[in-house]
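Peer 1: The structure that follows is given in the form of structure tokens.
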Amino acid sequence: MTEIKPMTDLPVLLPVRPPSVPALRFRAWHGLALVAAVLLFAPAAGAQTGSEELSIVGVIIKWMPLLLTGFGFNLLISVLSMALGTIVGLGLGLLQLSEFHWLSRCAWVLTQFFRNAPWLVLLFFAMYLIPYQFRIGDVTVPFPDWVKAVIGFALPVMANVAEIVRGAVQSISSGQWEAADSLAFTRRQTMWMIILPQCVKRMLPPWMNLYSLVTMATVLASVVGINEMLTLTAQVHNAEGGRTDLLAPLYAFALLCFFIYCYPINLWTVRLERRFNVKS
Amino acid sequence: MQEIAAWFRSLYETTGLNFTIFYDPYDATQFARGVGMTIYLSVVSILISLVVGVIGAWLQSSRIGIVRGLVEIFVVIFRNTPPLVQIFFFYFGMGELLPATYNDIGLREPLLSNVQWAIISLSLFAGAFNIEIFRSGIEAVPQTTVEAAEALGYTRLGAYRHVVLPLALRVCLPALNNNLVNLLKTTTLAYAIAVPEALYAVTQIWAESQNVTEMMCVLLATFVLLVGVLVWVMHRWERSLRIPGFGQ
């Protein structure tokens, strides 16, 4: 293919650059300043609500161990579903590249279906349609709710990973395939020993992005009644007598936890993208 | 219509597949209203989020550092926190802080309803992503083009409106397409604050009619259809905006 050269060297449209690292970066002292500000304003808020009730910060500190356990459960769900989804998604992505036409067609339809369905609907799908236990011979394998939730999150992850894999493999130049061919590698060997190792670099940033999305999606499990952070937040609110002034700070605390976890992942992704200089 | 209803009724009697929405008028209206609400939520949120994105991307190129910093903080916060917690924070947290009126039987009537809060939080969530998307498009417009516009006497806003944005829009349409599809899928979260959208309507139906599997399939098919329509519209728009020989 010959590229058409523009008449002048003035660029008509520059290629899309990878996102720059945000100019604004949070450092440790920002966090300290935030905590200091909260502590400064806490007595004022406490005085407003009366002496018998705990101040807002007091309530959050009191329940922090419980809430953080819930957050840990969120992270556990996210890691497990990411692992499951990545393994199955890798297979599905490779199936899309299969030489058998109908096989790749089926994999494509499956991928598009799970990619275009809302996460919450897929979660409902898994919660209601997977039985609570499986019977294999005499052994009964129980399927508690949280395992079903892991599967529910793994479904969209699978489809997205499949797309990432397909995109990465197709972005490797065909010269690699031809060179491998001339060295008498079989198709499978070429895929596993030559193409996929090169793809890892390209797949890592979008994969990390996806992980951050999964982590943020795990709160959906509260809608189907799993004891994760958001459910616990509502329970803490009830335990404190349903004070309405507590709602905003409690949900803000949940937002903060997720922000502290996801923002570094986001920064790291952007940095990797810049270093590898690949478009996501 | 009569034949379809009769066919689904006989399907239920012969196979046990109970698609109530096709023959039960009550379920049918409930489902239709749900889908209508989903479409309403998505269309309004898409429009507001586009406005948020355009204004935010413009402010991000502002000469005042504080404005840039504020936009950056907005983007970073909304991109890195779960949308469901955002909705809860706005609906439960902010909703309590706003003034409310009391009706004549003493029930609290909040200033903004759950539908309005859902629209606000969904628009801000998608808007934060749109700002990033538009920014990448604006960066793709060469500085020389902006300088040429300035040399022709455009003001900063004028150059942005008439020169930079039309070019940037064409560059970032694929990414925008992705984000808007994502927004359409995120509207299901409004279920959590009892907005009667498609998922909510379907859970109501299957609670009464005991047909979880069938309704789940109908719901998934509905969303695949809605996403398909949105993608089709976006592709039509992309094609109509295309300038021959320009861009890819």
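Peer 1: Keeping to the stretch A:96-108, report how many residues are part of a helix (DSSP H, G or I) and in contact (Cβ under 8 Å) with a residue 60 or more places away in the chain.
Peer 2: Of the residues in that region, 1 qualify.
Peer 1: Taking the condition of being acidic (Asp, Glu) and either away from chain A (no Cβ under 11 Å) or touching a His at 6+ places or on another chain (Cβ under 9 Å) (or both), how many residues in the stretch B:87-115 meet it?
Peer 2: 2
Peer 1: Let me ask something additional. Restricting attention to the stretch B:1-42, and to residues there that are free of Cβ contacts under 8 Å to residues at least 40 places away in the same chain and not in a helix (DSSP H, G or I), which single residue is nearest to residue B:183 (Cα to Cα)?
Peer 2: B:1
Peer 1: If residue B:135 meets every condition in (1) within 12 Å of chain A (Cβ to nearest Cβ); (2) surrounded by fewer than 18 Cβ atoms within 10 Å (Cβ to Cβ) apart from one, which number is that one?
Peer 2: That leaves (2) as the condition not met.
Peer 1: Please specify each residue of the stretch B:201-221 satisfying the condition of being under 21 Å from residue A:155 (Cβ atoms) and either in contact with a Gly (Cβ under 9 Å, 6 or more places away or on another chain) or not β-branched (Val, Ile, Thr) (or both). Break it down stepwise before answering.
Peer 2: Within the stretch B:201-221, the subset under 21 Å from residue A:155 (Cβ atoms) is B:202-203, B:206, B:212-221.
Matches in the stretch B:201-221: B:202, B:206, B:214, B:215, B:216, B:217, B:219, B:220, B:221.
Peer 1: Does the stretch A:76-88 include one or more residues that are farther than 24 Å from residue B:224 by Cβ, within 14 Å of chain B (Cβ to nearest Cβ) and part of a helix (DSSP H, G or I)?
Peer 2: yes
Peer 1: Scan the stretch B:204-225 for residues that are facing chain A (nearest Cβ under 7 Å) and free of Cβ contacts under 8 Å to residues at least 24 places away in the same chain and jot them down.
Peer 2: Matches in the stretch B:204-225: B:212, B:213, B:216, B:219, B:220, B:224.
Peer 1: Would you mind stating whether residue B:68 is touching a residue at least 40 places away in the same chain (Cβ under 8 Å) and either surrounded by fewer than 19 Cβ atoms within 10 Å (Cβ to Cβ) or at the interface with chain A (Cβ under 10 Å from one of its Cβ atoms) (or both)?
Peer 2: Numbers: touching a residue at least 40 places away in the same chain (Cβ under 8 Å): no; either surrounded by fewer than 19 Cβ atoms within 10 Å (Cβ to Cβ) or at the interface with chain A (Cβ under 10 Å from one of its Cβ atoms) (or both): yes.
The answer is no for residue B:68.
Peer 1: I would also like to ask the following. Look at the stretch A:211-257 and say how many of its residues are part of a helix (DSSP H, G or I) and closer than 21 Å to residue B:110 by Cα. If you could, list the steps in order and put the result at the bottom.
Peer 2: We begin by selecting, within the stretch A:211-257, every residue part of a helix (DSSP H, G or I); these are A:211-224, A:229-239, A:244-257.
Filter once more, so that each one left must be closer than 21 Å to residue B:110 by Cα: A:234, A:237-238, A:244-252.
Of the residues in that region, 12 qualify.
Peer 1: Do we have residue A:275 as part of a helix (DSSP H, G or I), modelled with pLDDT under 90 and either facing chain B (nearest Cβ under 9 Å) or surrounded by 16 or more Cβ atoms within 10 Å (Cβ to Cβ) (or both) here?
Peer 2: No.
Peer 1: Could you pull out the residue among A:188, A:166 that is touching a residue at least 40 places away in the same chain (Cβ under 8 Å), assigned to a helix (DSSP H, G or I) and either farther than 26 Å from residue B:217 by Cα or of a type in the set (D, E, K, R) (or both)? Give the steps one after another, and end with the answer.
Peer 2: Details: A:188 fails: touching a residue at least 40 places away in the same chain (Cβ under 8 Å).
Of the residues listed, the single one that is touching a residue at least 40 places away in the same chain (Cβ under 8 Å), assigned to a helix (DSSP H, G or I) and either farther than 26 Å from residue B:217 by Cα or of a type in the set (D, E, K, R) (or both) is A:166.
Peer 1: Next question, about the same structure. Just one of (1) away from chain B (no Cβ under 12 Å); (2) within 18 Å of the chain's Cα centre (by Cα); (3) free of Cβ contacts under 8 Å to residues at least 60 places away in the same chain; (4) buried (at least 17 other Cβ atoms within 10 Å of the Cβ) trips up residue A:180, so point out which.
Peer 2: Only one criterion is unmet by residue A:180, namely (2).
Peer 1: Mind checking which pairs have a first residue in the stretch A:232-260 that is facing another protein chain (nearest Cβ under 10 Å) and over 17 Å from residue B:91 (Cβ atoms) and a second that is at pLDDT 90 or above and not in a helix (DSSP H, G or I), Cβ under 6 Å, 6 or more apart or different chains?
Peer 2: A:258/B:81; A:258/B:82; A:259/B:80; A:259/B:81
Peer 1: Do we find that residue B:157 is part of a helix (DSSP H, G or I), at pLDDT 90 or above and surrounded by fewer than 21 Cβ atoms within 10 Å (Cβ to Cβ) in this structure?
Peer 2: Taking the combined requirement at face value, the residue does not satisfy it.
Peer 1: Scanning for something on the phi < 0 side of the Ramachandran plot, within 12 Å of chain A (Cβ to nearest Cβ) and assigned to a helix (DSSP H, G or I), does the stretch B:238-247 turn up at least one residue?
Peer 2: If we filter the stretch B:238-247 for residues that are on the phi < 0 side of the Ramachandran plot, which is where we start, we get B:238-244, B:246.
When the remaining residues are screened for being within 12 Å of chain A (Cβ to nearest Cβ), the result is B:243, B:246.
This time we only want the ones that are assigned to a helix (DSSP H, G or I), so: none.
Within the stretch B:238-247, not a single residue is on the phi < 0 side of the Ramachandran plot, within 12 Å of chain A (Cβ to nearest Cβ) and assigned to a helix (DSSP H, G or I).
Peer 1: Being modelled with pLDDT of 90 or more and either within 26 Å of the chain's Cα centre (by Cα) or in a helix (DSSP H, G or I) (or both) narrows it down to one residue among B:50, B:112; which is it?
Peer 2: So the residue among B:50, B:112 that is modelled with pLDDT of 90 or more and either within 26 Å of the chain's Cα centre (by Cα) or in a helix (DSSP H, G or I) (or both) is B:50.
Peer 1: Just checking, which of B:201, B:126, B:192, B:118 is closer than 30 Å to residue B:95 by Cα, crowded, with 20+ Cβ neighbours inside 10 Å and at the interface with another protein chain (Cβ under 10 Å from one of its Cβ atoms)?
Peer 2: That would be B:192, the only listed residue that is closer than 30 Å to residue B:95 by Cα, crowded, with 20+ Cβ neighbours inside 10 Å and at the interface with another protein chain (Cβ under 10 Å from one of its Cβ atoms).
Peer 1: Among the candidates A:55, A:51, A:78, which residue alone is at pLDDT 85 or above and hydroxyl-bearing (Ser, Thr, Tyr)?
Peer 2: Working: A:55 fails: at pLDDT 85 or above; A:51 fails: at pLDDT 85 or above.
Only one candidate qualifies: A:78.
The values are calculated or read from the model by the stated rules, or taken from the named source; none is laboratory data. These figures come from a predicted structure and were not determined experimentally. Note that each Cβ is placed from the backbone with ideal geometry, even for glycine, and that neighbours are counted across all protein chains shown.
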